[in-house]
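Here's the structure we're looking at; comments come further down.
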Amino acid sequence: QSHAGLLNLCIVVLIAVNSRLIIENLMKYGLLIRAGFWFSARSLGDWPLLMCCLTLPIFPLAALMTEKWAQRKLIRDHVSILLHIIITTTVLIYPVVVILKCESAVLSGFVLMFIASITWLKLVSFAHTNYDIRVLSQSIEKGATHGSSIDEENIKGPTINSVVYFMLAPTLCYQPSYPRTAFIRKGWVTRQLLKCVVFTGLMGFIIEQVSLLRDP
């Protein structure tokens, strides 16, 4: 499906809401862009944030282990739900604590929270989908779904390969299996990356020019 309409709507809303403020601000204060706000020499020394980012894969592995235990009935459903809540909450709190402790540059903190937020959304979907799969599997075992057609490919438990693919794939909705194209559409991937860079820069410009007003 094409999301061009939604993208155009976001652009219109973004420009319509902020255009007047940006023009007035430019006329009054001039250009207020500071390179040091987003990136500075201190950004290269944000090793704690880099280490925090590199340790984020621990949380998907913890979620996978939780599902494995629940699938083997080593823990009850309410225990697995509690563990997923702890995992998803920690994946957001952990980077925030590191950022506040290190007083990092905005760009480094933004990238870390961006990755952590995506990880959180993926883990929430992972927990919900696997809970539904377990419920459906239990119904099949009890014979409650007799006569209904169920694709076994869609009710299999998670594996390390499926979790790794899900965490790297550009989707926030977990499925046991995904339809794939015969090859990677490099042009489409390049366009999406370009859009990400352009709109991130536009948001940064709005933050610098409007939200962080200061005397000239």
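The values are calculated or read from the model by the stated rules, or taken from the named source; none is laboratory data. What you are looking at is a predicted structure, and each value in this text was computed from that prediction instead of being measured. Glycine gets a Cβ as well: all are built from the backbone with ideal geometry, and neighbour counts include every protein chain shown.
Observations, loosely collected:
- When we screen R72, R34, R42 for residues that are among the charged types (D, E, K, R), over 18 Å from the mean Cα position of the chain (by Cα), under 19 Å from I207 (Cα atoms) and modelled with pLDDT under 90, the only hit is R34.
- Filter pass, Y131 being modelled with pLDDT of 90 or more and hydroxyl-bearing (S, T, Y): yes
- Some residue of segment 45-59 being in a loop (DSSP other than H, G, I, E, B), surrounded by 13 or more Cβ atoms within 10 Å (Cβ to Cβ) and without any contact (Cβ under 8 Å) to a residue 24 or more places away in the chain: no
- Filtered by the rule that a residue be assigned to a helix (DSSP H, G or I) and modelled with pLDDT under 90, segment 89-111 gives I99, L100, K101, C102, V106, L107, S108, G109, F110, V111.
- Scanning segment 186-199 for residues that are closer than 25 Å to V17 by Cα and either surrounded by 14 or more Cβ atoms within 10 Å (Cβ to Cβ) or basic (K, R) (or both) yields a count of 2.
- Of all residues in segment 75-85 being assigned to a helix (DSSP H, G or I) and either among the hydroxyl-bearing types (S, T, Y) or surrounded by 13 or more Cβ atoms within 10 Å (Cβ to Cβ) (or both), the one that is modelled with the lowest pLDDT: D77
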